[in-house]
Amino acid sequence: MKRLLIVDDSKLMRDMVAACLRPLGAVTFEFAGTGLEAIERLALAGFDLVVLDLNMPDVGGIEVIEFVRAQDRLKTLPILIVTTRGDDASRARVLDAGASGFLAKPFAPEQILDEVRKLLPA
Amino acid sequence: MSERVDLKEFIGGFVVEAEDLLATANACLLEIDTAISDGKSKPKAVRDLFRTLHTIKGLAGMVGVEPIMELAHALETLLRTADRAGGALQRGAVEVSLQAVRAIGERVRLVAEGRPVPAAPARLIEQINATDASSQTIEAPPEIGGEWDARLSASERQQVFLDVQRGVPAWTLVFVPSEDRAARGITIATVRTGLAAIGEIIKVAPRTQLDASGKQAGIKFEILLLSTAPAARLAEVIDADPATVVPIAVPVATAAASAEPVPELEPEREADISRIGRATVRVELDRLDELQDQLAAMIVSRFRLERELAAQHARGVDVRKLREVTDLQARQLRDLRRAILRVRMVRVAEVLEPLALLVRSVARTSHKEVRLELDVRDAELDKAVADRLLPALIHLVRNAVDHAIEPPDLRVAGGKPRVGTVRIACTELASKQLELMISDDGRGIDRDAVARRSHREILDNQQLLEVLATPGFSTRDAVTQTSGRGVGMDIVKRVAVQELGGELALDTQIGVGTTFTLKVPLTIAIVEVFSFECERQSFVVPVAAIEEIFELGDDRIEPPARPTAEANAKRVALVHRRGHALPLISLGARLAIDKGTVAKNALVIRHNGELIAFAIDRMLGRQEVVVRPVDDPLVRARGIAGATDLGDGRPTLVLDLMELGDLGERVGA
């Protein structure tokens with residue numbers, strides 16, 4: 001059973017992402033509402049993939065990526081960034097910081113499903 | 001694997017969350033507006049506002065509501081500029097932001113009603129884009145010292161600097177998360193909530209922990225906090241040794257040792273904001289109504305069961321075992337009903353949220369300076385009561401600002417503070433009622449002037465209220481822009497007294513102020529009913545009780561088979577309907593108001609398994625009403641379930657046709 005962490009300050013967005021990913025089948029979804037909570041959860045437990053929003057109240061997504069990548073045991077954790085800031089500059093910045101994938105909101109359900117399938121280790 | 005996911009399903013969730021976010025946006029704007037009045041800025045509120053709009057934009061995009069996306073995007077861009085320039089907004093920018101938030105709110109409501117959403121108003125978008133938000137830049141942000149300088153924005157450093165100067169200690173706290181702490185319910189989320197309640201968190205930074213050999217060993221969080229709370233209290237929140245908690249020395253602090261005394265932070269407000277959404281699930285009201293409808297249907301079927309049992313018992317069947325089960329079921333239904341009612345309770349503080357915006361805008365248009373004070377603590381109210389009550393409160397508050405509070409110069413001349421106060425306080429009474437007091441420190445109501453205008457003698461406040469609540473009465477000759485189109489005191493009284501079955505009282509003193517006291521029930525029963533006329537009087541019956549409604553034709557009615565005097569008096573006839581003959585009872589006769597009007601319609605109920613028709617004059621409609629119990633012993637009679645108000649201000653009786661059918665059995669139909 002794969003474990004996915006969905007990080008977004010909007011509950012509705014977390015629910016929508018989980019709904020889009022339900023066709024994956026055997027996965028469990030866990031949720032975090034802020035960047036700090038995400039960092040805490042990732043530090044304490046093993047996840048197979050993170051879906052991460054950029055704009056959050058405490059530490060932003062970029063900071064989360066940078067921090068996560070600085071942890072030896074999280075260097076290869078797949079991180080999919082999902083953001084309303086879909087411009088090329090943001091994409092470059094996010095990938096440069098160490099994200100594994102980038103998806104601009106709004107997206108169609110199949111799009112995020114495809115991205116996650118690509119990133120999720122077999 | 002091709003399970004289709006349609007994000008349109010989330011539209012209901014979008015409405016709920018968007019309304020929440022808009023409330024936050026308005027609260028931020030009000031905070032910024034107040035700060036401007038005091039000659040200050042509120043960088044944190046600007047940042048929160050920016051984030052809120054950003055979230056709305058993202059959600060609107062996902063569910064495909066482009067006009068909202070467009071408005072949110074324009075406003076977000078404006079606010080991002082403001083945030084980067086130090087977080088100061090000018091009045092003009094606040095004004096245009098309020099307009100944009102309102103425009104988004106209107107569109108969210110249309111989405112909720114399933115109606116088409118108009119495009120974003122081009123002029124407003126232009127206005128937002130033309131608003132200059134980079135007007136104020138903080139020069140040379142002061143240094144905090146240590147590693148924080150690099151991590152803080154200019155406005156954050158400014159905030160720390162100012163607070164430390166005022167004498168509020170700054171702290172760097174270290175919280176180390178662990179599985180053990182998480183198991184005990186201590187996480188970064190709870191730590192933040194705990195700290196926000198006793199101080200202001202400026203920044204939280206995650207750090208990697210290193211062991212003695214320089215290897216990575218977990219993580220920790222460093223928290224920059226401004227708080228007047230003692231070190232021991234802070235240590236408790238972060239589950240750490242108190243000895244390790246010491247304030248940091250900010251270089252600037254020495255310069256202002258003689259500054260003003262330590263001001264009270266506003267911990268409760270902060271705590272409230274961070275607590276929202278923690279242990280709560282938001283539910284669309286429709287779903288709750290559905291639940292309540294189902295419950296109502298169960299109660300109706302339970303009554304049928306009860307009657308069927310009674311009928312069996314009357315035929316000599318032993319129903320004791322069954323009776324035990326139905327008694328148990330009755331208690332369970334009652335508990336379920338109570339549980340649902342509790343779910344429907346909303347916080348009064350939340351209900352009153354729109355009033356702050358109202359006070360602000362009415363004060364501006366009427367050139368007053370007014371502060372709204374709320375003292376509602378944790379009071380709760382049934383959502384159905386709250387929805388009916390809010391228009392009345394809006395009217396009272398609008399009146400207070402527009403009419404009662406004097407213009408600032410007049411107040412100063414009269415020895416009053418320049419800024420007027422409108423205050424709403426509430427207390428829960430033992431009688432399951434909520435008492436709301438809406439008071440102002442304005443000019444008071446001139447009883448003599450009201451008496452002259454109404455040509456009535458007014459001896460006390462109660463009589464004064466009666467006159468004020470007469471439809472169409474106004475003490476102002478010049479109809480002002482704001483109150484002219486509002487509802488009158490008559491509506492306030494109707495909502496509080498007739499609709500909700502509560503009380504309304506008035507206390508006023510010339511030159512000192514006015515207080516309106518409303519007492520309303522904490523919960524009410526809402527029932528969907530058919531309204532109809534019988535002998536030119538209006539009545540209602542619950543929709544759930546009615547099997548069928550049909551038009552009466554004379555040819556199908558058979559006069560009473562045995563024309564006894566008794567049967568005649570009750571007018572029990574037979575009506576042929578779809579090959580069956582059913583008893584037809586004249587409702588007018590049964591209610592003893594018969595004037596011989598020709599009945600045109602019949603309401604059919606199922607009574608002890610048999611259909612019975614009641615003849616009535618004509619149907620009026622179908623609507624939802626608040627049913628209140630009839631306490632007056634003169635009106636309390638069999639067949640009357642309660643009273644309601646159909647909107648004309650007159651009480652209308654809610655009939656229990658089952659009971660009225662029972663009465664028929666006794667006369668031997």
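Values quoted throughout were computed directly from the atomic coordinates according to the rules given, and no laboratory measurement underlies them. Source: prediction; values computed, not measured. Cβ placement follows ideal geometry from the backbone for every residue including glycine, while neighbour counts extend to all protein chains displayed.
Remark: mean inter-chain Cβ contacts per residue of B:50-59 equal 5, using a 10 Å Cβ-Cβ cutoff to other protein chain atoms. Each label point was placed 7 Å from the Cα along the Cα-to-Cβ direction; for residue B:130 and residue B:117 their separation is 2.6 nm.
Around the Cα centre of the stretch B:346-521, unit charges on the Cβ atoms of Lys, Arg, Asp and Glu (plus for the first two, minus for the last two) sum to a dipole of about 480 debye.
The residue B:510 and residue B:361 beta-carbon pair, evaluated with R₀ = 30 Å, returns a calculated FRET efficiency of approximately 0.60.
Only bridges with both residues in the protein assembly as shown count here: give the DSSP antiparallel percent, nearest 5. Don't jump to the answer; show the numbers that get you there.
Working: 83 of 112 bridges.
For the protein assembly as shown, the DSSP antiparallel bridge percentage is about 75.
Would you tally the net charge around residue A:122, using a Cβ to Cβ cut-off of less than 13 Å, leaving residue A:122 out, and scoring K and R as +1, D and E as -1?
Working: positive: A:2, A:117, A:118; negative: A:48.
Computed value for this residue: +2.
When the Cα positions of B:573, A:92, B:242 are compared along the charge dipole of the protein assembly as shown, B:573 comes out farthest toward the positive end, with charges on each C-beta of Lys, Arg, Asp and Glu. Using alpha carbons only, how many angstrom separate the centre of the stretch B:375-393 from the centre of the stretch B:570-631? First find each Cα centre; the distance between them is then 37 Å. Answer rounded, prolate or oblate for the stretch B:346-521, using the Cα gyration tensor with square roots of eigenvalues a ≥ b ≥ c: rounded when a/c is under 1.5, else prolate when a/b is larger than b/c, else oblate. Verdict is oblate for the stretch B:346-521.
Given their separation in residues at 0.36 nm each and the Cα-Cα distance between them, residue B:90 and residue B:600 gain 176.9 nm when the chain is fully extended.
Each residue, residue A:3 and residue B:449, gets one label point 7 Å from its Cα in the Cβ direction; the gap between the two is 7.1 nm. A simple spin-label model places the labels of residue B:345 and residue B:326 3.3 nm from each other, with each point 7 Å out along Cα-to-Cβ.
Report note on the peptides B:234-242, B:47-55, B:389-397, A:44-52: ranked by the mean count of other C-beta atoms within 10 Å, highest first, their order is B:47-55, B:389-397, A:44-52, B:234-242. Per-peptide packing, taken as the mean over residues of other Cβ atoms within 10 Å, places B:541-552, B:187-198 in the sequence B:187-198, B:541-552 from highest down.
Here the average projected area of the convex hull drawn through the C-alpha atoms of chain B stands at 44.7 nm².
The mean count of C-beta atoms from other chains within 10 Å of the C-beta of residues in A:8-18, rounded to a whole number, is 6. Take each peptide in B:350-356, B:207-213, count the other Cβ atoms within 10 Å of every residue, and average; sorted highest first, the result is B:350-356, B:207-213. The dipole here belongs to chain B: it is taken about the Cα centre, uses +1 on the Cβ of Lys and Arg and -1 on the Cβ of Asp and Glu, and is about 860 debye.
Placing unit charges on the Cβ atoms of the charged side chains and taking the dipole of the protein assembly as shown about its Cα centre, the candidate lying farthest along the positive direction among B:159, B:191, B:598 is B:598.
Across peptide A:22-29, the mean count of Cβ atoms from other chains lying within 10 Å of each residue's own Cβ comes to 1.
Quick one: net charge around residue B:353, please, counting Lys, Arg +1 and Asp, Glu -1 for every other residue with C-beta under 11 Å from its C-beta. Please report the intermediate quantities before stating the final value.
Details: positive: B:347; negative: B:19, B:20, B:350.
Result for the local shell: -2.
Per residue Cα convex hull volume for the protein assembly as shown, in cubic angstrom? Kindly include the intermediate steps, with their values, before the conclusion.
Working: hull volume 192.6 nm³, N = 791.
Roughly 243 Å³ of hull volume per residue.
Checking the table B:493/B:600; B:57/B:383; B:40/B:203; A:11/B:8; A:118/B:8; B:416/B:519 against a 24 Å threshold on Cα-Cα, which pairs fail? Violating the 24 Å Cα-Cα cut-off are B:493/B:600; B:57/B:383; A:118/B:8; B:416/B:519. If R0 is 25 Å, the Cβ-Cβ spacing of residue B:298 and residue B:387 corresponds to a FRET efficiency of close to 0.55. The alpha carbon centroids of the stretch B:58-98 and the stretch A:61-102 are separated by 25 Å.
Ignoring lysines fewer than eight residues from residue B:595 along the same chain, the ones with Cα atoms less than 18 angstrom from its Cα are B:570. Once you divide the Cα radius of gyration of the stretch A:61-122 by 2.2 N^0.38 Å, the number left is 1.11. Basic side chains Lys and Arg get +1 at the Cβ, acidic Asp and Glu get -1 at the Cβ, and with that the dipole of the protein assembly as shown about its Cα centre reaches some 1120 debye. Dipole orientation for the protein assembly as shown: of the candidates B:557, B:59, B:127, B:557 has the Cα lying most toward the positive pole (charges on Cβ; Lys, Arg +1; Asp, Glu -1).
For chain B, the longest principal axis of the alpha carbon atoms and the long axis of helix B:91-112 meet at an angle near 40°.
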